[in-house]
Structures are given as C-alpha cells and as structure tokens.
Amino acid sequence: MRKFAIAIALLSTLALASCGGNTPEDAAKGFMTALIKGDVEKAKELSTEKSHKIVGLIAAMTASQADSQSEEQKKKMEETLAALDKIKCEVDGDTAKCAPEGENKKIDLVKEDGKWKVDFKKAGPGGGDQPADEGEE
C-alpha cells in the first residue's frame, strides 16, 4: 500500500510539472520542450494569446525540419533539450527573462492570471522591443 501511495504522489508531481508549473523556469522549459517536439497546443497553453500566431509558425517550421534531420542535428536537438534542465530566469515583478545557463538569447515571460506564460515580442520602430500585435486588431 505504501508503494502505491508513493507512486501516486510521484505521478501527481510529474503531472503538475508537465503543466508548466507556477515558476517562470517551469513555463519556459515546458514551452521550449513543446516547441522542439512540435506540440503546438502545449506551446500555446504556455504562451500569451498574442504570441499564438508566431508559436504556430515556429512549431510548423520545427516539425517540417524534424523529418529531414541528420544524426548530428538530432544529437544537437537532444543536447538542447538537456540544456533546458539548466534554465535560469531573471524575475522582475510580473515579468521574467529566461535562458539556459550560458546562453545570451532570452525569452520573455509575463504572469497572467497567476500563471507564467511566454510572451513573444517583435522589434518596433527604432529597433526597440514592442509587444507583438500591439495596437493591431
């Protein structure tokens, strides 16, 4: 009976972790893993609504390239997935910037309704970052 309780607790923990968790690190890792694996719906769950269009495009590109990857590219993809275990975030209130340790390219996250979500931005006039789809309807 005790082994059964431990198994249930472990499965519950894994289920919660796979939902993105409630930390920016969990959300960023879950999002990037979903993109790499071509799971568009999961990536959209872990991103803001205004980011959904670009998420679909990125996931489609990743999925189309997955079939034609060389062994070297597949190995690199596995290394990328492993690097996500070392993701670090700089949190400032309801925003965060996250990247695997040693990487310069960071993804932006925002807290919406108590959950961390990836928030893609695009370069605006003058080269600054502007929220995607701002002012567009």
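The values are calculated or read from the model by the stated rules, or taken from the named source; none is laboratory data. Given the structure is predicted, the values throughout are model-derived calculations rather than measurements. Neighbour counts run over all protein chains shown; Cβ positions are idealised from the backbone, glycine included.
Okay, here's what the table says:
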item	result
Residue satisfying all of: in the range 1-57; surrounded by 11 or more Cβ atoms within 10 Å (Cβ to Cβ), among the basic types (Lys, Arg) and more than 21 Å from Pro100 (Cα to Cα); modelled with the lowest pLDDT among these	Lys53
Residue match in the range 104-120 (condition: in a loop (DSSP other than H, G, I, E, B) and modelled with pLDDT under 80)	no
In the range 58-80, the residues that are assigned to a loop (DSSP other than H, G, I, E, B), small (Gly, Ala, Ser) and modelled with pLDDT under 80	Ser68
The range 27-56 residues that are at positive phi, paired with ones that are assigned to a helix (DSSP H, G or I) (beta carbon under 8 Å, 6 or more apart)	Gly38/Ala59; Gly38/Thr62; Gly38/Ala63; Gly38/Ala66
Selection status of Ala99, modelled with pLDDT of 85 or more, of a type in the set (A, V, I, L, M) and either crowded, with 16+ Cβ neighbours inside 10 Å or over 14 Å from Thr48 (Cβ atoms) (or both)	yes
